[in-house]
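Computed from the coordinates by the stated procedures, all read-outs in this text should not be read as laboratory data. Computed from a predicted structure; not experimentally measured. No Cβ is skipped: glycine too gets one built from the backbone with ideal geometry, and neighbour counts run over all protein chains shown.
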Amino acid sequence: MTARPVLGIICCQRTVGTEPAQAVIERYVRAAMQYADVAALLIPSLPDLMTAAEVAPRLDGVLLTGSPSNIEGNRYADEGGEGPFDPGRDEIALSMVDAMIGRGRPVFGICRGFQEINVALGGTLRRDTSASDELIRHHAPGGVSFDAMFDHNHRVDLVPGGILARTYDTPSLDVNSVHFQGIGRLADGLTVEATAPDGLVEAYSATIGNSPVVAVQWHPEWHPEANPDSRTFFKLLGQTLRGTA
C-alpha cells in the first residue's frame, strides 16, 4: 500500500480547565484527513522546546488553521491590536512557512493561517474588517450563537485563470465570513485568487521556489459534509501534496 502524504497541522495554546494545552479544533483535522486523504501530525507551538526547522523535513506539507487568537502587531511592523494573542503560535507558524518553503513543500492556510502566511512573507494586516464603513461586515454581529457566526456569509469573486477558478470552474463562491482582521498589504509574490465584494483579498496563491502556497480567509472545514465547495478545497490540498493538482 502506498503511504499517504503526511500533513502537519499547527496547534494553538489553549487553556483546558486550569492548565495550558496544545490543541487543534477537530474539524480542521478531520476535514483534512477525510477529504484530502492524508495522514496528519500535530505541530505544537512551543518555540522554547523546538524549532520549525526540526519538524519541516518530516512533513509533506503544512496546514495553518484558524484560531480565536490574533497575530501580534509587532510581527507586521504595527502596534497594539486586540487579543487574545498566542506568541508561541506566531513564532512556530511564521517560521514553519519559511521552513516548508525552503524545502519546496506545500503550505496551506485557513483564516488565521491565511493571515500568518501573508505576514511571514512580508505582508501586513488590517484590523477593521467588521467595523470599517469602507467594507462589508466580515463577522456576524456580537451576541449571536456560535453556529450563527458561521451562517454569516458573502460572495467571493474568483480571479479568472487562477488556481481556484480552474479548480471550482465557476466565477464566484458563497463563503462563510468569520474574521475581524484581514489582508492590509498583500506580500510580494502572492497572487490574488478571490476578493470580497468590497475588494478585500479573500484568497491567494503562489509558487515560491518549488513550494505551492494556497490560502483562504473563509472556513472550508466548517461542515464540509454538507458543502461540496468546502470538500473541493481539501481535495485540492490532497492533490497538491501528491503533485497532481
Checklist entry - Out of the stretch 6-112, which GluC sites (Glu not before Pro) are coil in DSSP terms and have no more than 10 other C-beta atoms within 10 Å? => result Glu79, Glu82
Item to check | Thr15-Lys235 FRET efficiency (beta carbon distance; Förster radius 30 Å; 0.05 resolution) | outcome: 0.30
Item to check | Between the stretch 203-225 and the stretch 94-123, the Cα center-to-center distance that results, in Å | outcome: 10
Item to check | Cut-off 12 Å (backbone N to label point 7 Å along Cα→Cβ of His152), residues of the stretch 66-87 | outcome: none
Checklist outcome for this item: Those trypsin sites (Lys or Arg not before Pro) from the stretch 138-236 that are DSSP loop and have at most 14 other Cβ neighbours within 10 Å turn out to be Arg185
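Assuming 1.306 mPa s and 10 °C, estimate D for the chain with Stokes-Einstein, Rh taken as the Kirkwood radius over Cα pairs, in µm²/s. Don't skip to the answer; put the middle values down first.
Values: Rh = 18.0 Å.
In µm²/s, the coefficient rounds to 88.
What translational diffusion coefficient, in µm²/s and rounded to a whole number, does the Stokes-Einstein relation yield for the stretch 99-245 at 10 °C and a viscosity of 1.306 mPa s, taking the hydrodynamic radius as the Kirkwood radius over Cα pairs?
Details: Rh = 15.6 Å.
So the translational diffusion coefficient is about 102 µm²/s.
Using only DSSP helix segments of four residues or longer, with each worth -39500 (n - 2.57), what per-residue ellipticity at 222 nm results for the chain after dividing by its residue count and rounding to 500?
Value at 222 nm, helices only: -7500 deg cm²/dmol.
Between Asp98 and Asp128, what is 0.36 nm times their sequence separation minus the Cα-Cα distance? Round to one decimal in nm. Write out the running numbers ahead of the final one.
Values: separation 30, 0.36 × 30 = 10.80 nm, distance 2.75 nm.
Extending this stretch completely gives an extra 8.1 nm.
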Next on the checklist: What's the magnitude of the charge dipole for the chain around its Cα centre, counting Lys and Arg as +1 and Asp and Glu as -1 at the beta-carbon? Answer in Debye, nearest 20.
Outcome noted: 760
Checklist outcome for this item: Of the residues Ala165, Asn176, Gly238, the Cα lying farthest along the dipole of the chain towards its positive end, which is defined by charges on the beta carbon of Lys, Arg, Asp and Glu, belongs to Gly238
